[in-house]
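**Q** Below is a structure I'd like to ask you about.
The values are calculated or read from the model by the stated rules, or taken from the named source; none is laboratory data. This structure is a prediction, so every number in the text was calculated from the model and none was measured. Cβ: placed from backbone, ideal geometry, glycine included. Neighbour counts: every protein chain shown. The accessibility values were calculated without ligands, DNA or RNA, using every heavy atom of the protein model including side chains. Shrake-Rupley method; radii C 1.70, N 1.55, O 1.52, S 1.80 Å.
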Amino acid sequence: MRIAILSSEAVPFAKTGGLADVAGALPKALARQGVDARLILPLHQQIDRSLLSAEVIEDVPVDWRGRVSPIRVFQSEAAGAPAYLIDAGFYFDKPSIYGYANDHERFAFFSRAALALLRKLDWQPDVIHGNDWPCGFAMSELRARRRHDEFFRNTKTVFSIHNLAYQGTFDPKDLWWLGFGDSPEKDDFMLKGAASALKAGLISADALSTVSRRYAEEIQTPEQGAGLDWLLRARRDSLVGITNGVDYELWNPETDPYIAANFSAEDLSGKRECQRDLLRRFALPEDLDRPIIAIISRLVSQKGYDLIRQLSNAILQTGSFFIALGAGAKEYADFLQSWHDQAPRQVGIYKGYAGEPLAHQIEAGADMFLMPSQYEPCGLNQMYSMRYGTVPIVRATGGLDDTVENFNAQYGTGTGFKFREYHAGALLDKIREALYFYSKPEIWQQIQLNGMAQDNSWDAAGKKYVGLYEQLVGEQSKINAVVS
Ligand code: ADP
Ligand code: GLC
């Protein structure tokens with residue numbers, strides 16, 4: 001089976017969040033299942049050119065804005081499966097991956113270039129698997145192309161929702177020069193007077209998936225549907241929730257090259273060294289008897305920073321250290337700065353995107369990891385935390401609810417602490433409960449070991465994706481058999 005995975009970001013090339021972790025790991029996981037999976041992404045400025053192989057595909061003809069623009073495509077094996085990187089400097093040679101007024105144009109171009117590449121390679125995929133709104137264009141275009149383009153006649157599409165709130169909206173007038181204006185698909189983009197690449201993807205893909213079972217249910221409700229719940233309800237028979245896996249080749253305390261000392265469930269002693277190292281990195285006193293609470297996340301309201309802000313004094317009063325790593329909204333960056341200024345010996349911050357090493361060092365050195373998200377399609381850090389013996393404190397939403405089990409003191413079961421209401425008081429109660437059990441080392445170690453024993457590897461998720469692709473391809477071969 002041939003699967004083309006399209007993504008705007010992927011590890012180890014370019015990353016702003018969990019989508020990159022998933023898009024980097026999925027092709028490898030599929031390859032382990034015997035699938036010929038290939039990744040296609042833009043050649044962003046930030047991509048380390050030493051990851052690219054010498055061979056370049058020249059003159060890929062992209063039909064764009066009324067003429068044919070030939071582009072180059074680089075290749076790489078650095079993701080553990082073949083990857084193709086679309087070199088279009090005009091659109092992608094920029095300091096950030098997103099955040100430009102013409103993002104819709106940039107990713108519409110990416111989608112068109114990806115389809116042009118497949119043709120140039122003469123590699124007919126069974127399924128094109130697009131991720132999030134930047135790939136909505138490809139889903140829509142493929143549906144239109146299948147009608148008259150023999151090459152894509154049998155290609156099916158899967159569209160994965162990693163975050164329904166990012167809808168890729170733009171002025172519908174632009175649909176004309178983006179090349180969607182005179183196809184029947186143009187109405188698929190329309191959402192409350194704007195054009196939305198996400199909505200076009202949701203309508204036109206053959207199958208939809210999202211990144212946890214719980215989120216698949218939540219997005220069908222008006223509360224969590226971000227204005228698209230009606231559409232997801234209408235397509236519920238085509239929607240599955242497949243919980244993301246963890247790439248344990250990259251996130252494993254036994255082998256992690258970034259952390260001060262390796263450790264495992266059999267021997268946790270290295271974690272102390274990681275704690276010391278972490279406190280040092282954030283210029284905090286090396287007091288190993290005080291718990292370290294950490295958060296790593298984009299600074300957006302989704303992640304529950306409003307609750308943390310409300311609790312800033314209460315958290316200081318617990319005597320814990322607090323370490324925060326995040327890039328994003330100025331409002332939350334300013335809050336972190338003022339919190340740090342208020343208690344420089346207790347609160348350590350890094351504002352900005354720090355790359356992989358610091359994220360691993362925090363996971364390894366922290367005692368508790370906070371994810372009080374308003375909503376969370378899957379969330380990866382709670383799963384990384386559990387592997388590193390760092391106990392997650394999460395809100396029971398989306399993938400956090402599916403992957404973290406609340407600790408039950410009576411039976412000694414559970415992997416973390418989970419609260420339900422999006423409310424500062426509920427979060428504080430759980431932080432206090434966690435701190436109470438932290439003060440009982442034997443119980444605490446039990447919670448750590450319960451988390452470390454979880455298997456969230458990609459194998460299970462990989463198999464589910466293969467099942468989904470097979471179902472689509474199977475339907476196609478049934479149709480072919482009837483027609484011929
Ligand atoms: P989301 O994709 O919504 O941001 P996830 O929990 O799925 O949330 O994934 C976040 C990923 O991005 C993790 O791998 C995390 O370590 C990483 N990350 C987030 N913010 C930063 C940052 N400022 N610096 C380095 N890594 C970060
Ligand atoms: C999105 C979601 C996050 C998820 C990630 C990977 O960024 O916000 O919850 O883990 O995608 O699927």
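**Q** Find the centroid of the Cα atoms in region 125-188 and in region 55-90, then give the distance between the two in whole Å.
**A** Distance between centres, Cα-based: 19 Å.
**Q** Indicate, rounded to the nearest 5 percent, the antiparallel portion of the DSSP beta bridges found entirely in the chain. Walk me through the numbers on the way to the answer.
**A** Details: 18 of 65 bridges.
Counting DSSP beta bridges with both partners in the chain, the antiparallel share is about 30 percent.
**Q** Determine the share of the chain's accessible area contributed by carbon and sulfur atoms, expressed in whole percent, with a 1.4 angstrom probe.
**A** Answer for the chain: carbon and sulfur cover 48 percent of the accessible area.
**Q** Separate question: Kyte-Doolittle cut-off -0.5, length cut-off 15 Å along the helix's own axis using Cα: show which whole DSSP H helices in the chain pass.
**A** Working: long enough: 18-32 (21 Å, 0.69); 103-121 (27 Å, 0.13); 136-146 (16 Å, -0.55); 269-281 (19 Å, -1.81); 330-342 (18 Å, -1.48); 424-438 (21 Å, 0.38); 441-452 (16 Å, -0.48); 458-483 (37 Å, -0.15).
Flagged H segments are 18-32, 103-121, 424-438, 441-452, 458-483.
**Q** To the nearest 0.05, how large is the calculated FRET efficiency for Tyr436 and Leu268 if R₀ is 22 Å and r is the Cβ-Cβ distance?
**A** Calculated transfer efficiency: 0.60.
**Q** For the chain, give the magnitude of the charge dipole about the Cα centre (Cβ charges: +1 Lys/Arg, -1 Asp/Glu; no others), in debye to the nearest 20.
**A** Values: 51 positive and 61 negative charges, 139 e Å.
My answer is approximately 660 debye.
**Q** Compute the accessible area per residue over the chain, keeping the other protein chains in place, probe 1.4 Å, unit Å².
**A** It amounts to 39 Å² per residue over the chain.
**Q** Follow-up. For region 277-403, give the magnitude of the charge dipole about the Cα centre (Cβ charges: +1 Lys/Arg, -1 Asp/Glu; no others), in debye to the nearest 20.
**A** For region 277-403, the charge dipole is close to 200 debye.
**Q** Quick one: putting +1 on the C-beta of Lys and Arg, -1 on the C-beta of Asp and Glu, what dipole do you get for region 399-480 around its Cα centre, in Debye to the nearest 20?
**A** Working: 8 positive and 11 negative charges, 16 e Å.
Taking the Cα centre of region 399-480 as origin, the dipole is about 80 debye.
**Q** Picking from Met383, Pro257, Gln448, whose Cα lies most toward the positive end of the charge dipole for the chain (charges on Cβ: Lys, Arg +1; Asp, Glu -1)?
**A** With unit charges placed on the Cβ atoms, the residue in question is Met383.
**Q** What lysines sit close enough to Lys440 to cross-link, taking a C-alpha to C-alpha distance under 18 Å and skipping anything fewer than 8 places away on the same chain?
**A** Cross-link targets: Lys271, Lys430.
**Q** Among Ala205, Ser439, Pro285, whose Cα lies farthest out toward the positive end of the dipole of the chain, if unit charges sit on the beta carbon of Lys, Arg (+1) and Asp, Glu (-1)?
**A** It is Ala205, whose Cα lies furthest towards the positive end.
**Q** While we're here: Between beta-carbons, use under 13 Å as the cut-off and find the net charge around Val404, counting Lys and Arg +1, Asp and Glu -1.
**A** Value of the local net charge: +2.
**Q** Taking a label point 7 Å from the Cα of Ala165 along the Cα→Cβ vector, which residues of region 1-40 have an amide N closer than 18 Å to it?
**A** Only 16-20 pass the distance filter.
**Q** When only C-alpha pairs under 8 Å and at least 6 residues apart count, what is the relative contact order of the chain, in percent?
**A** Working: 958 pairs, mean separation 57.6, N = 484.
Relative contact order, the chain: 12 percent.
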